[in-house]
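A quick write-up on the structure given underneath.
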Amino acid sequence: MESDPHDFTAYVHPVLAVGCPDCGKPIGVWCVRPSGHRASGLHRSRRMEADRVFIDQHGENAAINRTADGWTISK
């Protein structure tokens, strides 16, 4: 989807580093249901896109871990 580097540690959830192909919400904005209400989870297609972009950026052996104040990436 997007071609610029994405910061997977900048948001409340790492998947928010990419836009959603299903509901069209941009980077940093939570997904919505067809009714327009906030979704309880993030769309599968968005999670898959985030995985793809994360691996492209950081490699297959990288991991993102929850810390006390956010997220950290280990390689």
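Odds and ends about this structure:
- Taking θ as phi - 60° and the Karplus parameters 6.51, -1.76 and 1.60, the scalar couplings of region 21-27 work out to x, 7, 9, x, 5, x, 3 Hz in sequence order, x denoting glycine and proline.
- Taking 15 Å as the cut-off, the amide N atoms of region 18-40 that come nearer than this to a point 7 Å along the Cα-to-beta-carbon line of residue 7 belong to 18, 27-29.
- On Cα atoms only, tilt of 44-58 relative to the major axis of the chain in degrees: 20 degrees
- Against the set (1) 20.4; (2) 12.7; (3) 11.9, the structure's computed Kirkwood radius over Cα pairs in Å falls on (2).
- Of interest is the spacing of the C-alpha centroids, which for region 49-75 and region 14-32 amounts to 17 Å.
- With contacts taken as Cα pairs under 8 Å and at least 6 residues apart, region 14-74 reaches a relative contact order of 25 percent.
- FRET efficiency, residue 32 to residue 75 (Cβ-Cβ, R0 25 Å, nearest 0.05): 0.15
The numbers here are math on the coordinates, done by the rules we state, and not lab data. Computed from a prediction, not measured in an experiment: that's the story for all the values here. Neighbour counts run over all protein chains shown; Cβ positions are idealised from the backbone, glycine included.
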